[in-house]
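The values are calculated or read from the model by the stated rules, or taken from the named source; none is laboratory data. What you see is a predicted model; the values in this text were computed from it and never measured. A quick note on method: Cβ atoms are made from the backbone with ideal geometry, for glycine too, and the neighbour counts reach across all protein chains shown.
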Amino acid sequence: MNFYILTLFPEMVSSGLHTSIIGRAVSRELLSIRTINIRDYAFNRHQSVDDYPYGGGAGMLMQAEPVYLAYEAAAEEIRSRRPEAEMEKKPRVVYLSPQGKTFSQRMAEELAEEEDLIFLCGHYEGIDERVLEEIVTDQVSIGDYVLTGGELPAMVMVDTISRLVPGVLHNDISAESESFQENLLEYPQYSRPEVWHGKRVPEVLLSGHHANIQKWKRQQSILRTRERRPDLLEQCSLTEEERAWLKKS
Ligand code: 9WO
């Protein structure tokens, strides 16, 4: 998976994504994360990339041309890597915006199928609409709030998508069922010591009885989901036995 991130703040994105698990995956060449500084494509001698909006209004807009040239640089690199037959295919370009479709685990799974993804991070009060019309294939929001730029949402998406790439996570972790995989929340987890601040680890986890442990984990997941995210429970596939048990719990 190759990520290209078009931004005015490449060091912010780069430092964050070359750390921890994602950083290790980059070192192992399971992923590549390239930042492209939109300012490098400024076309005036002051290197400016913003201008006043026509019709007035607050603040400044990012101009179309530097964004377009930065996109072209990424697209050209992608073309050069692709086999002849696929060179015509345009890469997907994600614009991070509060106006986009809400990001989800399902959307991450779909995007993880792509070989190349371009993320466009806006700043100031936004980007000239014409370049968005021309290059953006997907507008995505990570939630209903306004930030100062698209960099943090791009990092959220790269992180979520990266951990779905085979080999990025430790194998036994990726194989385990996890939150949202089944629309169930995670069960509570405990490590040493057995007693901390007077609180004991649940007895069943110390029992060594594998079947009972699995059952307990599943029941905890179901209870937590009912308590904290009842909206998710409606989409869960519980067995008849589990439904009956839940009714009297
Ligand atoms: C700011 C502003 C101020 C006065 C008048 C209009 C205005 N619009 C904006 C604005 O939307 N700024 C955005 C800042 C431009 C694109 C990048 N920015 C951004 C992205 N803020 N929040 C996001 C975002 C992206 C994805 N998911 C959640 C939030």
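Here are the numbers for this structure:
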| quantity | calculated |
| --- | --- |
| Residue count, the range 190-238 (criterion: within 34 Å of the chain's Cα centre (by Cα) and among the β-branched types (Val, Ile, Thr)) | 4 |
| Some residue of the range 195-202 being over 28 Å from residue 18 (Cα atoms), at pLDDT 95 or above, among the aliphatic types (A, V, I, L, M) and outside any helix (DSSP H, G or I) | yes |
| Pairs, first in contact (Cβ under 8 Å) with a residue 12 or more places away in the chain in the range 194-205, second among the polar types (S, T, N, Q), C-beta under 8 Å, six or more apart | 204/212 |
| Whichever residue in the range 58-107 is within 28 Å of residue 174 (Cα to Cα) and more than 14 Å from the ligand (Cβ to nearest atom) and, among such residues, is nearest to the chain's Cα centre (by Cα) | 105 |
| Every pair of residues 6+ apart whose Cβ atoms lie under 6 Å, when the first sits in the range 70-90 and is aliphatic (A, V, I, L, M) while the second is assigned to a helix (DSSP H, G or I) | 70/38; 70/41; 87/79 |
| Residue in the range 219-227 that is small (Gly, Ala, Ser) and within 16 Å of the ligand (Cβ to nearest atom) present | no |
| Residue selected from the range 122-137 under the condition crowded, with 17+ Cβ neighbours inside 10 Å and without any contact (Cβ under 8 Å) to a residue 60 or more places away in the chain, by the criterion farthest from the ligand (Cβ to nearest atom) | 136 |
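Table: residues versus (1) assigned to a loop (DSSP other than H, G, I, E, B); (2) not β-branched (Val, Ile, Thr).
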| position | (1), (2) |
| --- | --- |
| 133 | no, yes |
| 149 | yes, yes |
| 167 | yes, yes |
| 183 | yes, yes |
| 188 | yes, yes |
| 192 | yes, yes |
| 213 | no, no |
| 219 | no, yes |
| 222 | no, no |
